[in-house]
Structure formats: structure tokens, C-alpha cells
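Before any comments, here is the structure.
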Amino acid sequence: MNKKILIWSGGYDSTWILLNELQNNSFLETWSFIVDEIGQEKNEIERQTREKIISWLKDKGKTVENHEITLDLKSNKKDYGNLPQQHLWTIYSTLIGDPDTTFLFGFHEKDWYWSIEENLDNIRKLINKSMHKNILWEFPLREIPKYQIISVMFKMISEENFPSPWTCENPNKKDDIFSPCNECTPCITLKTAVYESNLRNYQPFSFKFVKDTNAFKTLDIKENESNNQ
């Protein structure tokens with residue numbers, strides 16, 4: 001059975017998958033690609049966001065083992081060409097991943113990834129054959145509209161005190177505080193999704209995480225028994 005690894009940026013889509021996977025599991029391994037071309041500020045915000053989410057989940061009894069992988073695209077432009085970041089993640093994960101791994105990617109229903117899906121999947125098959133691997137790709141959000149993803153995440157933020165994911169590509173900074181630019185493609189996509197959710201009057205569900213205190217109770221009982229002996 002292949003082990004699962006989520007490619008996780010700290011954005012809304014991949015974080016939705018993270019929460020979904022941890023509904024019935026206590027542990028999940030994640031990889032986060034640090035790409036120099038997107039800017040140091042965005043990389044830092046995403047790192048802070050992931051740390052907050054990991055801490056929130058830890059308090060709920062969930063463990064996220066996150067690994068950061070740096071891709072130096074500026075210095076290696078001749079090697080990587082102009083391959084979009086998301087597509088680079090799929091290929092690079094397949095190249096460096098353990099032979100029996102299933103990678104989870106957060107491409108939603110209308111993501112333009114699907115326009116070249118067949119070509120990329122053929123590359124995955126070629127890598128598997130030439131490197132004797134059995135790498136699989138899964139796309140949990142393939143049939144889920146963006147407005148549903150955003151609505152669920154907003155409900156988690158408002159009702160569960162969940163740390164807000166980050167999406168802006170060109171954040172503004174003032175007095176060491178970052179704010180979204182509201183002009184880049186991810187920002188516009190986010191606002192469009194919110195507008196569509198309101199138009200449809202969509203009623204989102206909420207991921208529920210209840211901290212298991214049984215382990216602590218068991219520990220207390222054992223400590224009391226030891227003290228009484």
C-alpha cells in the first residue's frame with residue numbers, strides 16, 4: 001500500500017485536503033516547495049501560515065510532518081525552462097519520491113492543470129517505468145468548485161478559530177504586517193469564489209476536530225497508581 005504525501009503550500013485548496021485527510025487519520029506527511037521565483041515575502045508568509053495550522057492541529061491531537069523542499073528556479077532556468085510551478089511540483093515529486101508513494105495535489109475543478117493533464121500523466125508513467133517506481137497522483141478537489149472550498153474554509157476560520165490560509169502572490173507589507181494585494185490572480189479568484197458562494201447561498205459544512213483526552217486520563221491514572229504503591 002502506497003504511503004500518502006500531500007503537496008501543501010498553506011493555501012486554501014491544499015489545506016482543505018489536509019483537514020479532510022486528518023478527519024480519519026492522526027498523522028499526515030506533507031511537502032512544501034519553496035520557490036525563489038515567487039518572492040521571499042510570500043514564502044515567509046506561507047511558512048508562518050503552515051506553522052500556525054500545524055500548531056492548531058497538534059492541539060487537536062493531529063500530527064503533520066512537514067518537509068520544505070527548495071527549488072532554485074532562477075539559477076537553473078535552463079534546466080527547468082518556463083514550466084509552471086504547479087506542474088513542476090508533480091514531476092519533481094515523482095522524481096524524488098519513494099517508489100511506493102501517492103502524492104495528493106490541490107488542483108480544483110477549474111484549475112488549468114487539467115488542460116495538460118494527459119501529458120503530465122504520461123510523464124509520470126515514463127518516470128515510473130524508467131526508475132522502477134509505482135508513484136500515484138490523486139486529486140481530491142477535481143470535482144469540487146472553488147466556491148465550495150472557500151466557503152468551508154471561511155466557516156472553519158469563523159467557527160473553529162482555524163488559522164487563515166494564505167493565497168496572495170504579491171502581498172503588501174506595512175509595519176511588519178502583511179496584507180493581500182487584492183489584485184493578483186489568486187486574490188481575484190478568492191473574491192470571485194466568495195461572490196459565487198453568496199450568489200448560490202451555499203451552506204458549507206465544517207471539519208470537526210475534537211481533542212482526544214483519553215490519553216491524558218490514562219496517563220493520570222497510571223501516575224496515581226504509581227504514587228499509591
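The values are calculated or read from the model by the stated rules, or taken from the named source; none is laboratory data. On a predicted model such as this, the values are computed, not experimentally measured, just so you know. Every residue, glycine as well, gets a Cβ built from its backbone with ideal geometry; the counts of neighbours run over all protein chains shown.
Looking only at segment 112-130, count how many residues are of a type outside the set (S, T, N, Q) and either at positive phi or in contact with a helix residue (DSSP H, G or I) (Cβ under 8 Å, 6 or more places away or on another chain) (or both).
Just the residues of segment 112-130 that are of a type outside the set (S, T, N, Q), to begin with: 112-114, 116-118, 120-121, 123-127, 129.
Next, from what is left, pick out any that are either at positive phi or in contact with a helix residue (DSSP H, G or I) (Cβ under 8 Å, 6 or more places away or on another chain) (or both): 113, 116, 120, 123-124, 127.
Here the count works out to 6.
Among the residues of segment 36-53, is there at least one that is of a type in the set (Ser, Thr, Tyr) and in contact with a Pro (Cβ under 9 Å, 6 or more places away or on another chain)? Show your work before the answer.
So the first thing to find is which residues in segment 36-53 are of a type in the set (Ser, Thr, Tyr), and the list is 49.
This time we only want the ones that are in contact with a Pro (Cβ under 9 Å, 6 or more places away or on another chain), so: 49.
So far as segment 36-53 goes, yes, one or more of its residues are of a type in the set (Ser, Thr, Tyr) and in contact with a Pro (Cβ under 9 Å, 6 or more places away or on another chain).
Sort out which residues of segment 12-26 are free of Cβ contacts under 8 Å to residues at least 40 places away in the same chain and under 13 Å from residue 57 (Cβ atoms), and write them in order of number. Please lay out each step first, then the result.
Step one: of segment 12-26, the residues free of Cβ contacts under 8 Å to residues at least 40 places away in the same chain are 24-26.
Within segment 12-26, 25, 26 meet the criteria.
Go through segment 97-118 and give me each residue that's touching a strand residue (DSSP E or B) at 6+ places or on another chain (Cβ under 8 Å) and either over 18 Å from residue 16 (Cβ atoms) or not aromatic (Phe, Trp, Tyr) (or both). Before you say what the answer is, go through the steps one by one.
Initial filter on segment 97-118 (touching a strand residue (DSSP E or B) at 6+ places or on another chain (Cβ under 8 Å)): 97-98, 100-106.
Of everything in segment 97-118, those that are touching a strand residue (DSSP E or B) at 6+ places or on another chain (Cβ under 8 Å) and either over 18 Å from residue 16 (Cβ atoms) or not aromatic (Phe, Trp, Tyr) (or both) turn out to be 97, 98, 100, 101, 102, 104, 106.
Say we look at segment 103-148 and pick out the residues that are over 20 Å from residue 33 (Cβ atoms) and under 15 Å from the mean Cα position of the chain (by Cα); which of these is surrounded by the fewest Cβ atoms within 10 Å (Cβ to Cβ)?
Among them, the one singled out is 142.
Name the residues in segment 149-170 that are farther than 14 Å from residue 16 by Cβ and either buried (at least 18 other Cβ atoms within 10 Å of the Cβ) or of a type in the set (Val, Ile, Thr) (or both), would you? Please lay out each step first, then the result.
Step one: filter segment 149-170 for residues farther than 14 Å from residue 16 by Cβ, giving 158-159, 161, 168-170.
Correct list: 168 only.
Residues of segment 23-37 being more than 18 Å from residue 66 (Cβ to Cβ) and either of a type in the set (Ser, Thr, Tyr) or modelled with pLDDT under 90 (or both), which ones? Break it down stepwise before answering.
Taking segment 23-37 as the starting set, the residues that turn out to be more than 18 Å from residue 66 (Cβ to Cβ) are 23-24, 36-37.
Matches in segment 23-37: 24, 36, 37.
I'd like the full set of residues that are aliphatic (A, V, I, L, M) and outside any strand (DSSP E or B), limited to segment 1-38.
Our first condition is that a residue be aliphatic (A, V, I, L, M); within segment 1-38, this holds for 1, 5-7, 17-19, 22, 28, 34-35, 38.
Selection gives 1, 17, 18, 19, 22, 38.
Go through 55, 14 for me and flag whichever is over 19 Å from residue 152 (Cβ atoms), hydroxyl-bearing (Ser, Thr, Tyr), at pLDDT 95 or above and out of contact with any helix residue (DSSP H, G or I) (no Cβ under 8 Å at 6 or more places or on another chain). Before you say what the answer is, go through the steps one by one.
Details: 14 fails: over 19 Å from residue 152 (Cβ atoms).
Result of the check over 55, 14: 55.
Answer yes if at least one residue in segment 218-225 is modelled with pLDDT of 95 or more, over 27 Å from residue 59 (Cβ atoms) and more than 20 Å from the chain's Cα centre (by Cα), and no otherwise. Don't jump to the end; show me each part of the working.
Of segment 218-225, the ones modelled with pLDDT of 95 or more are none.
Scanning segment 218-225, I find no residue that is modelled with pLDDT of 95 or more, over 27 Å from residue 59 (Cβ atoms) and more than 20 Å from the chain's Cα centre (by Cα), so the answer is no.
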